[in-house]
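Undergrad: Let me give you the structure first, and then I'll get to my questions.
The values are calculated or read from the model by the stated rules, or taken from the named source; none is laboratory data. What you see is a predicted model; the values in this text were computed from it and never measured. Cβ placement follows ideal geometry from the backbone for every residue including glycine, while neighbour counts extend to all protein chains displayed. In case anyone asks, the SASA skips ligands and DNA or RNA and just uses the protein heavy atoms, side chains included. Shrake-Rupley method; radii C 1.70, N 1.55, O 1.52, S 1.80 Å.
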Amino acid sequence: MQCSDSPIRFDWPRKINEIPKEVFVRADIYREEIRRIFHGPEWHPLAHVSELPEPGDFKTLTIGATPVIVMHGDDGQIRVFANTCPHRGTQLETASRGHARSIECPYHRWAFNTRGELMGAPGVQEFPASFRKQDYGMWVLRSAQFCGMVFATLDANVAPLDEYLGETREYIARAFGGDGNLRLLGYQKVSFATNWKEYSDNEGYHAPLLHRAFRLLKWQGGAGSQFMTSRAHKVIAAELSHAPDSGFLHDHSLIEVFDKSKAPQSIVVSLFPVSLILHHLDVITVRYALPVSQDETEVHYTYFARADDSPELLQHRVRQASNLLGPSGLISLEDGAVFNRLHVGARTGGIAAFQKGVQDNMGLPTSLKQNDEAGNLVRWERYRQAMGFERV
Ligand code: FES
Ligand SMILES: [Fe+2]
């Protein structure tokens, strides 16, 4: 059956826990996801204000296929621009991060200030009389902030950010230490040979099973909680405790909790469609996940400290950050291999079948445990509807 507004003919299984693996490998589906989801009515986290502390600081990344620049203007405002010259469309900035007093396009040297306004264009006296500089500023995207996190959208009609984030706001604030007063520690950028949905399907079920080092933190008991919001964002909150006799570590100071004022010690906010905000022990991290193609997902692991940390806590966070939760971290190392293997395995076609926490395979779960995988089915239902795929 073909949904009337979808250009892609696709029969979606009737059972709620069955996901057709074709969606991980088909280029036509990927292109439609970019159009409907990434360029559609979603807010995308792009930067924390602490990544751009000074006027003139900027970073570049993408929203779906759209290149963007996040820039701290000389008026103190942080704006999100499309990374394209308003003249003929040259990509304006190629550095992933930097500092600039202005942005000059290399092609014909049009120059823009840090607010995105066109300052000058060579040969302007020979432009048509109707040319007005104010009509050729950089394209400003709709953006909003929560707890210092800068989000942007390409859709004019998406709900206000606070409404969109819903109950995740409390957990994002807790992950950032309450007021979001952070300081950037650094980045690790990784390209995974996987589809963005295989990346975002990571859940609590696998955590103590794939990652043997999770024994260090006694996650196995699954004593925490998990819930999904109405916009299909996922929140997992858990208390962690040490298992000092795990046999994994000689020096257990690596997994100590220095900042005991924060509870729970593990908060995972998995925003639809794909990026994550985490607080694990003393690690504060945002994983900006960027789809590159149906076969590739780039993830920018970004680590933070609190701006008011003591020198000792700062050192502890630097040591714990990527060592615990980075792409080769103690409790996250194996994910990359599984993302890759999921993607290879998806080429067979057929069904990926969720089971853990599924109460009724004809209906979405009504309650979830920390270690369930069924929460992701709420996201899949949102995905199916966004894509216009109908169940057979
Ligand atoms: S394309 Fe940028 S100045 Fe011409
Ligand atoms: Fe994992």
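Undergrad: Have a look at Val158, Val190 and point out the one that is hydrophobic (A, V, I, L, M, F, W, C) and within 16 Å of ligand 2 (Cβ to nearest atom).
TA: Going through Val158, Val190 in turn, the sole match is Val190.
Undergrad: May I pose another question? Do you know which residues across the stretch 115-158 are within 15 Å of ligand 1 (Cβ to nearest atom) and within 32 Å of the chain's Cα centre (by Cα)?
TA: Answer for the stretch 115-158, where residues must be within 15 Å of ligand 1 (Cβ to nearest atom) and within 32 Å of the chain's Cα centre (by Cα): Gly116, Glu117, Leu118, Tyr136, Gly137, Met138, Trp139.
Undergrad: Evaluate the following for Gly350: is it open to solvent by less than 20 Å² (accessible area, probe 1.4 Å) and at positive phi?
TA: So Gly350 does not fit the description; no.
Undergrad: Determine which member of the set Gln359, Gln320 is among the polar types (S, T, N, Q), over 18 Å from Ile29 (Cβ atoms) and open to solvent by 30 Å² or more (accessible area, probe 1.4 Å).
TA: Gln359
Undergrad: Those residues that are at negative phi, buried (at least 19 other Cβ atoms within 10 Å of the Cβ) and not polar (S, T, N, Q), I need them from the stretch 279-299; list them, please.
TA: Within the stretch 279-299, His279, His280, Asp282, Val283, Ile284, Val286, Arg287, Tyr288, Ala289, Leu290, Pro291, Val299 qualify.
Undergrad: Still on this structure, please answer the following. Under 7 Å between Cβ atoms, at least 6 apart or on separate chains: pull out the pairs that start in the stretch 144-163 with a residue that is closer than 12 Å to Val80 by Cα and end on any residue that is hydroxyl-bearing (Ser, Thr, Tyr) and modelled with pLDDT of 95 or more.
TA: Every condition considered, the pairs that remain are Val150/Ser143; Phe151/Ser143; Ala152/Ser143; Leu154/Thr66.
Undergrad: Give the residues of the stretch 188-217 that are open to solvent by 60 Å² or more (accessible area, probe 1.4 Å) and touching a residue at least 12 places away in the same chain (Cβ under 8 Å), sorted by residue number.
TA: Lys189, Ser191, Tyr205, Arg212, Arg215
Undergrad: Let me ask another. What number of residues in the stretch 79-95 are more than 12 Å from ligand 1 (Cβ to nearest atom) and touching an Asp or Glu at 6+ places or on another chain (Cβ under 7 Å)?
TA: Number of matching residues: 0.
Undergrad: Among the numbered criteria (1) buried (at least 17 other Cβ atoms within 10 Å of the Cβ); (2) part of a loop (DSSP other than H, G, I, E, B), which one does Arg183 miss?
TA: (2)
Undergrad: Being outside the structural domain of Leu216 (by TED's automatic domain parsing) and either at pLDDT 95 or above or over 19 Å from Thr168 (Cβ atoms) (or both) is true for just one of Val378, Val392, Val286, Val292. Which residue is that?
TA: Val392
Undergrad: When you check Phe112 against the structure, is it buried (at least 16 other Cβ atoms within 10 Å of the Cβ) and more than 23 Å from Asp155 (Cα to Cα), yes or no?
TA: Answer is yes for this residue.
Undergrad: Can you name every residue in the stretch 105-114 that is assigned to a loop (DSSP other than H, G, I, E, B) and either farther than 22 Å from Glu51 by Cα or within 8 Å of ligand 1 (Cβ to nearest atom) (or both)?
TA: Those that are assigned to a loop (DSSP other than H, G, I, E, B) and either farther than 22 Å from Glu51 by Cα or within 8 Å of ligand 1 (Cβ to nearest atom) (or both): Cys105, Pro106, Tyr107, His108, Arg109, Trp110.
Undergrad: Right, here's the next one. I need a count of the residues in the stretch 115-159 that are modelled with pLDDT of 95 or more and open to solvent by 70 Å² or more (accessible area, probe 1.4 Å).
TA: Going through the stretch 115-159 one residue at a time, the tally reaches 18.
Undergrad: How about the stretch 1-104: which strands (runs of 3 or more DSSP E) wholly inside it have at least 1 residues that are open to solvent by less than 20 Å² (accessible area, probe 1.4 Å)?
TA: Here the list reads 18-20, 44-48, 57-63, 66-72, 78-82, 102-104.
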